[in-house]
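For reference, the structure is listed below as structure tokens.
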Amino acid sequence: MTDDSLSSHAHELDLAPAPAFAAQANGTAEMYDAAAADHEGFWAQQARERITWATDFERTLDWDDAPFAKWFVGGQLNVAYNCVDRHVEAGNGDRVAIHFEGEGGDTRTITYADLQREVCKTANALTELGVGTGDTVAIYMPMIPETVFTMLACARLGAPHSVIFGGFSAEALHTRIDDAQCKVVVTTDGQFRRGKPSPLKPAVDEALQYPNPVQKVLVVRRTETDVDWHEGRDVWWHDVVDRQADTHEAQPHDSEHPLFILYTSGTTGKPKGIFHTSGGYLTQAAYTNSVVHDLHPETDVYWCTADVGWVTGHSYIVYGPLANGATQVMYEGTPDTPHQGRWWELIEKYKVSILYTAPTAIRTFMKWGDDIPAKFDLSSVRVLGSVGEPINPEAWLWYRKHIGGNTAPIVDTWWQTETGGIMISPLPGVTTLEPGSAQRPIPGISAEILDDEGMPFTEAEKVGYLVLTKPWPAMLRGIWGDPERYKDTYWTRFGPKYYFAGDGAKYDEKGNIWLLGRVDDVMNVSGHRLSTAEIESALVSHPAVAEAAVVGASDETTGQAVCAFVILRGDATDEGDATVQALRNHVAHEIGPIAKPRSIMIVPELPKTRSGKIMRRLLKDVAEGRDIGDATTLADSSVMSLIAKGMPGGG
Ligand code: 6R9
């Protein structure tokens, strides 16, 4: 049977939990009832069971100033203590926290005792560099252990970190450093990608050419590539961190003390600094990692393949698994270096039992062929997870068969940077799985689907908007420096009772929730959120461009792909491929390589309504090679035929 025909046989697969799995599972059916009966009581119990508090909290939830939440009010904790020290104190210092694997094959084994020493040294170094409680630190680093040490050291000091994905450009880096007023930047000389060192520090140098609040740049030597050096500002990690004392007394912080800021794309050009706090965030990260991934820290080897530059890396590489005392794999490089079986080789080598990855990766592996994972022993795998975008049933079934030995439950986890932790997902061992659906809110989370009028409905196959109906511990506490934007973006569309997630959704006949992608101008490319407006403004910042419109067109591998339509200025000449190439590079420079349009069409006009709104729907038809839909509301109806003429084979 081919994988294609498998999908039509999904109903014949037995997707009920295996009794042996259910018997050992952390998640239980009773949790749904307990949380439904007493929402706050349920979360208070999670917080007390999973977190070590220096001072217990007095009030579970303060929602008096909604939508600004406070969770576990009056409680005090140190997040880094919870992720590191308490495991050592409990006698688990020898347990491996991180099996690090560099792209070139260099490895490091870091136990919890090692982690404690490294985090203490890093915290001492940051203190020496002037970082105190409440100061913000930018982290622009690859997937290496020092990145985790730095995040935890910041948490230890109560200095909120802002991790900026290594694929972002100098320009993007500058905006983020400036918005959060970061005092220190931690970076590396470079990172290994596809077998080659690729520089990182030059982007920091370029970002800091503009006025900025940065006092020190702490640089890890990773690739040994030459870097420019700014005396007085730049310091080497090995000069400053290595000589520090490896002990450091962790001070408790308020439950609502900011833990981190993470920028994500919104519907306007300016990225939003989503910020999260300590007690509630850590509670939900630890709880979900335990019940959704079914993590058993004594026996499992866990691997989340995300980059720490994204929220998945924050919650499911750093905070959740480490709070739970997990042993995990951390891999620096790309999946096809030096060969397309690298991930499966790592699973075999470390006996990974829980794998958490993204649909775009799974679809890439499908393309590379079944024979590649078949060469490796994947029998250790017992739970598979998916995150970032809807997983199509074909990819789900392939994942289950070729990676999960046809037995591992797959948890399709829906959540967002804003939600901080997993929200909608099956519980392995409890839920009968449905390929392609994230199924239902986990215990403690409440969601509904609303129609255009904002009325909840439960009919199957009707498409509506996903909303969350009760506050949850890991919810964002706001947009850094912009409380109004927080209210407008999430709590206005359907009134102040509903958190509007920005995703379309529907129920099926069984009551499962199916997520249908973004309903706003946010694209999802390989699980990364990109805003059409942000890429448009990058394009018009090029001297040759007068106007630009960007749409996300469906793409077999990446889910969506960036397609741009550009009008050149009168004085610019269209040099065909050279112009297109220059514009693609310009977007990479302004935002980062991940935002590079797959295609750019130079057009004479853009389709606009009489009120001047670009009709992206029509451009999407063009980008996806469809016949152009209803264009009757266009101000100038000849525009679409002009655009279509420019298409390959058009005119
Ligand atoms: C964790 C993360 C959030 C957006 C979200 C939605 C999409 C994430 C999904 C999913 C369907 C899933 N999304 N997980 N869609 N099924 N299991 O990805 O955060 O980068 O903020 O993206 O991603 O559209 O609104 P973030």
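Any residue that is more than 9 Å from the ligand (Cβ to nearest atom), at negative phi, part of a loop (DSSP other than H, G, I, E, B) and among the hydrophobic types (A, V, I, L, M, F, W, C) - is there at least one of those in segment 397-410? Quick ask: steps written out before the conclusion?
Step one: filter segment 397-410 for residues more than 9 Å from the ligand (Cβ to nearest atom), giving 397-410.
Those still in the list that are at negative phi too: 397-404, 407-410.
Then keep just the ones that are part of a loop (DSSP other than H, G, I, E, B); that gives 404, 407-409.
Keeping just the survivors that are among the hydrophobic types (A, V, I, L, M, F, W, C) gives 408.
Yes: segment 397-410 contains one or more residues that are more than 9 Å from the ligand (Cβ to nearest atom), at negative phi, part of a loop (DSSP other than H, G, I, E, B) and among the hydrophobic types (A, V, I, L, M, F, W, C).
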Next item on the list: Please state which of the following conditions Gly570 fails to meet, knowing it meets all the rest: (1) at pLDDT below 90; (2) more than 15 Å from the ligand (Cβ to nearest atom); (3) assigned to a helix (DSSP H, G or I).
Entry: (3)
Item checked: Complete set of residues in segment 111-146 that are open to solvent by less than 10 Å² (accessible area, probe 1.4 Å), outside any loop (DSSP other than H, G, I, E, B) and closer than 23 Å to Gln328 by Cα -> Tyr112, Leu115, Val119, Cys120, Thr122, Ala123, Ile139, Tyr140, Pro145
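For segment 424-431, indicate whether the set of residues that are within 16 Å of the ligand (Cβ to nearest atom), part of a loop (DSSP other than H, G, I, E, B) and surrounded by fewer than 23 Cβ atoms within 10 Å (Cβ to Cβ) is non-empty. Before you say what the answer is, go through the steps one by one.
Initially, segment 424-431 is screened for residues within 16 Å of the ligand (Cβ to nearest atom), giving 424-428, 431.
Next, only the ones that are part of a loop (DSSP other than H, G, I, E, B) stay: 425-428, 431.
Narrowing further to those that are surrounded by fewer than 23 Cβ atoms within 10 Å (Cβ to Cβ): 431.
Yes, the conditions are met somewhere in segment 424-431.
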Check: When segment 474-497 is examined, which residues are found to be under 27 Å from Pro359 (Cβ atoms) and touching a Ser or Thr at 6+ places or on another chain (Cβ under 7 Å)?
Finding: Ala474, Met475
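Looking at segment 599-614 only, could you name the residues that are surrounded by 11 or more Cβ atoms within 10 Å (Cβ to Cβ) and either at pLDDT 80 or above or small (Gly, Ala, Ser) (or both)? Explain how you work it out, then say what you get.
We begin by selecting, within segment 599-614, every residue surrounded by 11 or more Cβ atoms within 10 Å (Cβ to Cβ); these are 599-609, 613-614.
Within segment 599-614, Ser599, Ile600, Met601, Ile602, Val603, Pro604, Glu605, Leu606, Pro607 meet the criteria.
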Margin query: Based on this model, can you work out whether Glu418 counts as under 22 Å from the mean Cα position of the chain (by Cα), within 16 Å of the ligand (Cβ to nearest atom) and charged (D, E, K, R)?
Written below: yes
Checklist line | Long-range neighbours under 8 Å by Cβ, at least six apart or interchain, first residue under 17 Å from Ala572 (Cβ atoms) within segment 526-542, second within 16 Å of the ligand (Cβ to nearest atom) and in a helix (DSSP H, G or I) | finding: Ala538/Ala595
Checklist line | Unmet requirement for Pro441, which otherwise passes all of (1) over 22 Å from Thr283 (Cβ atoms); (2) surrounded by fewer than 23 Cβ atoms within 10 Å (Cβ to Cβ) | finding: (1)
Margin query: Show the residue pairs meeting these rules: Cβ distance below 9 Å; 6+ apart or different chains; first residue within segment 49-69 and without any contact (Cβ under 8 Å) to a residue 24 or more places away in the chain; second residue among the basic types (Lys, Arg).
Written below: Asp56/Arg48; Arg59/Lys70; Asp62/Lys70; Asp64/Lys70
Next item on the list: Determine if segment 369-387 includes at least one residue that is open to solvent by 20 Å² or more (accessible area, probe 1.4 Å) and within 16 Å of the ligand (Cβ to nearest atom).
Entry: no
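Taking the condition of being in contact with a strand residue (DSSP E or B) (Cβ under 6 Å, 6 or more places away or on another chain) and either hydrophobic (A, V, I, L, M, F, W, C) or farther than 27 Å from Thr334 by Cα (or both), how many residues in segment 519-533 meet it?
Filtering segment 519-533 down to residues in contact with a strand residue (DSSP E or B) (Cβ under 6 Å, 6 or more places away or on another chain) leaves 519-520, 522-525, 529-532.
Filter once more, so that each one left must be either hydrophobic (A, V, I, L, M, F, W, C) or farther than 27 Å from Thr334 by Cα (or both): 519-520, 522-523, 525, 530.
Looking only at that region, the number is 6.
Please note which strands (runs of 3 or more DSSP E) are completely contained in segment 147-200 and include at least 2 residues that are surrounded by 24 or more Cβ atoms within 10 Å (Cβ to Cβ). Please lay out each step first, then the result.
Numbers: elements: 161-163, 182-188, 190-193, 196-199.
Passing ranges, in order: 161-163, 182-188.
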Check: Can you pull out the residues in segment 467-486 that are open to solvent by less than 50 Å² (accessible area, probe 1.4 Å), more than 16 Å from the ligand (Cβ to nearest atom) and closer than 11 Å to Pro67 by Cα?
Finding: Pro471
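Yes/no per residue for (1) in contact with a strand residue (DSSP E or B) (Cβ under 6 Å, 6 or more places away or on another chain); (2) at pLDDT below 95; (3) over 29 Å from Ala34 (Cβ atoms):
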{"position": "Thr413", "(1), (2), (3)": "yes, no, no"}
{"position": "Val430", "(1), (2), (3)": "no, no, no"}
{"position": "Gly464", "(1), (2), (3)": "yes, yes, no"}
{"position": "Glu484", "(1), (2), (3)": "no, no, yes"}
Margin query: Can you list residue pairs whose Cβ atoms sit under 7 Å apart, with the first residue in segment 381-408 being polar (S, T, N, Q) and the second being within 11 Å of the ligand (Cβ to nearest atom) and part of a loop (DSSP other than H, G, I, E, B)? Count only pairs 6 or more apart in sequence or on different chains.
Written below: Ser386/Ala358; Asn392/Gly436
Notebook entry, point to check: When segment 283-320 is examined, which residues are found to be open to solvent by 10 Å² or more (accessible area, probe 1.4 Å) and touching a Gly at 6+ places or on another chain (Cβ under 9 Å)?
Noted result: Ser290, Pro297, Glu298, Ala306, Asp307, Trp310, Val311, Thr312
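Return yes or no: is Ser255 among the polar types (S, T, N, Q), over 22 Å from the mean Cα position of the chain (by Cα) and closer than 23 Å to Val311 by Cα? Outline the logic, then answer.
Values: among the polar types (S, T, N, Q): yes; over 22 Å from the mean Cα position of the chain (by Cα): yes; closer than 23 Å to Val311 by Cα: yes.
It is true that Ser255 is among the polar types (S, T, N, Q), over 22 Å from the mean Cα position of the chain (by Cα) and closer than 23 Å to Val311 by Cα.
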Checklist line | Among (1) at pLDDT 95 or above; (2) within 22 Å of Gly313 (Cβ to Cβ), the one test that Asp242 misses | finding: (2)
Checklist line | Search result, residues across segment 620-637 that are of a type in the set (Asp, Glu) and at pLDDT 70 or above | finding: Asp621, Glu624, Asp627, Asp636
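Restricting to segment 240-255, and then to whatever is surrounded by 21 or more Cβ atoms within 10 Å (Cβ to Cβ) and under 29 Å from Thr55 (Cα atoms), can you tell me which residue is farthest from the ligand (Cβ to nearest atom)?
At the first step, the residues of segment 240-255 found to be surrounded by 21 or more Cβ atoms within 10 Å (Cβ to Cβ) are 241, 248, 250, 253, 255.
Now narrow it down to the ones that are under 29 Å from Thr55 (Cα atoms): 248, 250, 253, 255.
Values: His248: 31, Ala250: 28, His253: 25, Ser255: 23 Å.
In this case the residue turns out to be His248.
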Next item on the list: Can you work out which of the residues in segment 487-525 that are more than 12 Å from the ligand (Cβ to nearest atom), part of a loop (DSSP other than H, G, I, E, B) and of a type in the set (D, E, K, R) is least open to solvent (accessible area, probe 1.4 Å)?
Entry: Asp508
Check: Does Gly280 satisfy the condition of being surrounded by 19 or more Cβ atoms within 10 Å (Cβ to Cβ), closer than 18 Å to Lys487 by Cα and in contact (Cβ under 8 Å) with a residue 24 or more places away in the chain?
Finding: no
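The values are calculated or read from the model by the stated rules, or taken from the named source; none is laboratory data. Note that this is a predicted model, so its numbers are computed, not measured. In this analysis, Cβ positions are derived from the backbone assuming ideal geometry, glycine residues included, and neighbour counts consider all displayed protein chains. Heavy atoms of the whole protein, side chains included, go into the accessibility calculation; ligands, DNA and RNA do not. Shrake-Rupley method; radii C 1.70, N 1.55, O 1.52, S 1.80 Å.
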